[in-house]
1. Ranked highest first by the average count of other Cβ atoms within 10 Å around their residues, in what order do 61-67, 31-37 fall?
2. At what distance in nm do the modelled label points of Leu51 and Lys84 sit from each other, each positioned 7 Å from its Cα along Cα→Cβ?
3. For the stretch 59-66, just list the computed ³J(HN,Hα) in residue order, Karplus coefficients 6.51, -1.76 and 1.60, θ = phi - 60°, integers in Hz, with x standing in for Gly and Pro.
4. So, with +1 on the Cβ of K and R and -1 on the Cβ of D and E, and no other charges, what is the size of the charge dipole of the chain about its Cα centre, to the nearest 20 debye?
5. Quick check on the chain: helices-only [θ] at 222 nm, where DSSP H runs of length 4 and up contribute -39,500 (n - 2.57) each and the sum goes over total residues. Nearest 500, please.
6. Which one, Phe78, Leu59, Phe30, projects farthest toward the positive side of the charge dipole computed for the chain from Cβ point charges (K/R +1, D/E -1)?
7. From Cα pairs below 8 angstrom and at least 6 apart in sequence, can you work out the relative contact order of the chain, rounded to a whole percent?
8. Decide, for the chain, between rounded, prolate and oblate: order the square roots of the alpha carbon gyration tensor eigenvalues as a ≥ b ≥ c, take rounded if a/c falls under 1.5, and otherwise choose prolate if a/b is larger than b/c, else oblate.
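Every read-out reported here was derived from the displayed coordinates using simple, explicitly stated rules and does not represent laboratory data. As the structure is a computational prediction, the values presented were derived from the model and not from experiment. All Cβ positions, glycine included, derive from the backbone under ideal geometry; neighbour counts span all protein chains shown.
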Amino acid sequence: MIFTAWIFYGLTVAGVILLRRRSIAPLAGFRTPGYPWVPIAFVLAAAGITLSTVLSDPLHAAYGIALVLIGVPLYLLFQRNREKSTAEPNSEQ
């Protein structure tokens, strides 16, 4: 199930690439060596690792993906409860 972590690693680096492209102001705080080629290579490597795992062991890959997908309804449930609690007036004041 470690391959599911590689999905998120790749998505995180892809998100950095997108944020840098959409940013109006230059990002002064952090420079990526070899940008954009090194992050693109990392995203492709993460995709390759993920695809390789799915092709070599589809059953265990399906278990990992199912475990990740179980988190989606839980996230939505917690998000809805959070919105309800912030919308209600605070009775302690």
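1. On the way: 61-67: 14.3, 31-37: 10.4.
Packing proxy ranking, top to bottom: 61-67, 31-37.
2. Taking the two extended label points, one gets 4.4 nm.
3. Values, residue by residue: 5, 5, 5, 5, 4, x, 5, 4 Hz.
4. On the way: 7 positive and 4 negative charges, 80 e Å.
It works out to roughly 380 debye.
5. On the way: 3 runs with 71 residues, N = 93.
Rounded to the nearest 500, the figure is -27000 deg cm²/dmol.
6. After comparing all options, I get Phe30.
7. Values: 40 pairs, mean separation 38.5, N = 93.
Across the chain, relative contact order equals 41 percent.
8. On the way: a/c = 4.23, a/b = 1.23, b/c = 3.44.
Judged from the Cα gyration tensor, the chain comes out oblate (a/c at least 1.5, b/c at or above a/b).
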